[in-house]
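Below is one structure, written out as C-alpha cells, with a few remarks after it.
Each value in this text was obtained by applying a stated rule to the coordinates, not by laboratory testing. Since this is a predicted model, take the numbers as computed values, not measurements. Backbone-built Cβ (ideal geometry, glycine too); neighbour counts: all protein chains shown.
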Amino acid sequence: MFIGKISVNGFKNLKDVEMEPHERLNILCGRNAQGKTNLIEAVWLCTGARSFRSTKDRRFIGDDEQVMDIGLSFKNNFRQQDIRFSMAKPNIREKNVFLNGVKLKTPSKLFGNLNCVIFTPEDLELSKGSPDNRRQFLDLSVSQIKNNYAHVAAKYENVLEQRNVLLKNIAFGRADREQLEVWDVQLAHMGAYISLLRYNYTKKLNVFAKKLYYEISDRQEELDIAYSSTVYPNELLQKSTDYTGGLTEHYLRTLKNNIEDDIRAGFTQRGAHRDDMTAKINGKNAREDASQGQHRSIALILKLSQAYILEEEIDDFPVILLDDVLSELDPSRQRFVISKIHGMQVFITCCDLNIPFGKKDGRLFMIEGGRVTAGDGETNR
Ligand SMILES: Nc1ncnc2c1ncn2[C@@H]1O[C@H](COP(=O)(O)OP(=O)(O)OP(=O)(O)O)[C@@H](O)[C@H]1O
Ligand SMILES: [Mg+2]
C-alpha cells in the first residue's frame, strides 16, 4: 500500500503541510527541531496506534493553535481510502476520527487499515534494552494483525493495576484475600490469550529473523528467537491452539500458587506483564554475550521481520517509516536495510542528504519551521 496524500495543520509545530508522496521513496530533510519526527508521528497516528514517542494527547495541538487536523489518503491493492484525525482545544479528549467519511468511536478503531512499520533510534535498543521494550514490540506487532488484541492488552493492564492495589491493601490488613478471586479470573483469561498470541507471533518472527540474521552476519551466525513466559513452559504453549480451558486454568493456578509471595512483594510477580522474548546467537544467550553490533543487528532484523509478517498477513506491502535510523547505522547495515525494504513505500527523515541512494526516483521534501516544501526532486546526492 502507499500513501498518496498527506495534509497536516496544527499538529505540534506543523503548519499547512500538503504533500503528495512518491509511491516508493520519500526523503524528509531538515535541520533539528524543524518537524520531521512530528510529520512521521502524524502519519503514524493514522494507523490507530498510540504515539511511538508517548506524546500526551494534550501536546498534539500546537502551542499557538486551537485545532489540529491530519488528513491522509492511501491506496491498497483494492481501493483508495481516506483518514481524518482532528482535535480542538479545550476538548482534547474528543478525537474526531473518520475513515472514508465514517466517524469512528476511538482512534484505535483505525487499526488494520493503514499499515505502517516504524523504525526509530530507540528501536535499535530492542535487543539490548529492557523487557518492557520487547513486550511493547510484541504487543504492537500482534495488534497490527489481530483486531481485538490492543483492547485486551489495555484491559489486562487495567485489571493488573487493580489486583496490585488489592495486594497492598491485603498486606496492610485493609482487604481480604478472597477479593482477589474476581481479578484473578479475569487476569487468567486475558493473560492466557495474550501469552498464546505473543507466543505464536514469536514463532513466526523466528522464521523470518533466522533467515535475515544469517544474511546480515555473512552466513556466520544463527539467530534463534523464543518467547519466554513466566507462567507457561513453552511446550504447553506449543501444543495449545486455544487459550480457554487448559491454558486459562494453568494461568489461574499460577496466580493462586503465588498469592503469598505476591502479597509480600506488593505486586503480581508472574504473568504476561513479566514475560520476555529471548535471543540466542549460535546457541548462546544474546542478553549475556552479544556485542553492541550484534544487538543492533538483532533489533534491525526484528523490525524487518515485523514488516514481512505484516506483509504476509495483509497480502500487501506496509509503509515503512524510518525516523533518524539510517544515520545511526554503518554503511553495510544501511545497505542491508534498504535492500530489504525494496518495493515498499518508505519515508526517511534525515538532517543532510548523506544517505546511500543511487539515482532512483523518489521525492525530496524539505522541512523548516513546521512547513514542508518540495526539494529539487533529486534524492541522490
Ligand atoms: N505541542 C507543540 N506545539 C508546538 N511545537 C511543538 C509541540 N510539540 C513539539 N513541538 C516542537 O516541534 C519541534 C520539532 O520537533 P521534531 O521532533 O519533529 O523535530 P525533528 O525535525 O524531528 O528534529 P530532530 O532532527 O532533532 O529529530 C520541536 O522544536 C518541538 O519543540
Ligand atoms: Mg526527529
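Laid out as a table, the results:
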read-out	value
Listed residue (LEU223, TYR243, VAL142) projecting farthest to the positive dipole end of the chain, Cβ model	TYR243
Within the range 1-132: Cβ-based charge dipole about Cα centre, in debye rounded to nearest 20 (Lys, Arg +1; Asp, Glu -1)	340
In nm, spacing of pseudo-spin labels at ARG31 and SER73 (7 Å Cα→C-beta vector)	3.5
Three-way shape call for the chain based on the alpha-carbon gyration tensor, with the a/c threshold at 1.5	oblate
Given charges at beta-carbon only (K, R positive; D, E negative), |dipole| of the range 123-314 in Debye	100
Alpha-carbon Rg/Rh ratio, for the range 1-99, with Rh computed the Kirkwood way	0.96
Difference of contour (0.36 nm per residue) and Cα-Cα distance, ALA88 to LYS56	10.1 nm
Binned Cα-Cα distance frequencies in the range 123-314 - 10 Å width, integer %	9, 34, 31, 19, 7, 1, 0
Hull-based mean projected area of the range 115-206, where the convex hull spans the alpha carbons, in square nanometres	7.4
Equivalent ellipsoid dimensions for the range 265-310 as semi-axes, Å, which come from the Cα gyration tensor, largest first	25, 17, 9
Theoretical gain in end-to-end length, ASP276 to LYS109 [0.36 nm per residue, Cα-Cα removed]	57.4 nm
Protection proxy ranking of 298-309, 282-293 - average other beta-carbon atoms within 10 Å, highest first	298-309, 282-293
Segment LYS256-ASP352, length gained on full extension (0.36 nm per residue, minus Cα span)	28.9 nm
